[in-house]
Amino acid sequence: MRLFLDTSVLLAATGSDTGASRAVLDLAAGNGWTLLSSRYCVAEAQSNMHKVSPSASSVWRTAIRPSIQIVNDSVVLDRPLVFPKAKDKPVLITALASESSFLLTLDRRDFGPFMTRPIYGLRVILPLAFLHLMRNEGRLSE
């Protein structure tokens, strides 16, 4: 299963080793999840890590970055997509282009409208909701 991680999830994972974002990263290998993010999300996360904690950059280099595959950013889609946020539209398009099953984000303000229904098969979901879903479906090995 391919999981696309938004900037907010990357930042949360660097800031806390006990939150759901970090749990997704820690559980990925044992559950066969491929973790993806884009150059755009990584650059945005790296430029904001200093706001998270003094150790965020070190955590990023040692615990987070090695487990994530970076995919090329996509800005066009061969299907219609109505999404007013120009800043976050490439994130959604890149998640679709990377053939991810889920886009994990903590950004309810911008992605919230997409959390109620899949977009061309892509489910937009909070990391904690994703973990609950996997557990409820019997697809979570801890």
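Read-outs throughout are calculated quantities, based only on the coordinates presented, and are distinct from any laboratory measurement. Values in this document were obtained by computation on a predicted structure and should not be read as measured data. Glycine also receives a Cβ, built like all others from the backbone with ideal geometry; neighbour counts cover every protein chain displayed.
By counting other Cβ atoms within 10 Å of each Cβ, how are 94, 62, 34, 18 ranked from fewest to most?
18, 62, 34, 94
Sticking with the crude label model, points 7 Å out along Cα→Cβ, report the distance from residue 69 to residue 116 in nm, one decimal please.
Roughly 3.3 nm, to one decimal.
How far apart, in nm, are the 7 Å Cα→Cβ label points at residue 141 and residue 29?
1.3 nm
When the Cα centres of the range 93-135 and the range 26-59 are compared, how far apart do they sit, in Å?
The range 93-135 and the range 26-59 have Cα centres spaced 17 Å from each other.
Taking amide H positions as placed in the peptide plane 1.01 Å from N, state which residues far from residue 36 in sequence (5 or more) or on other chains have amide H under 5 Å from it.
Here 3, 4, 5, 69 satisfy the definition.
Is there a quick way to get the dipole size of the range 2-136? I mean about its Cα centre, with the Cβ of Lys and Arg at +1 and of Asp and Glu at -1; what is the value in debye to the nearest 20?
For this selection, approximately 160 debye.
Under the rule of at least 5 residues apart or a separate chain, name every residue whose amide H is placed under 5 Å from the amide H of residue 88.
none
For residue 123, enumerate residues with amide H under 5 Å from its amide H, sequence gap 5+ or separate chain, H modeled in the peptide plane.
Result for residue 123 returns 102, 103.
With a ≥ b ≥ c taken as the square roots of the eigenvalues of the C-alpha gyration tensor of the chain, please select rounded if a/c is under 1.5 and otherwise prolate if a/b is larger than b/c or oblate if it is not?
Because a/c hits 1.5 or more and a/b fails to exceed b/c, the chain counts as oblate.
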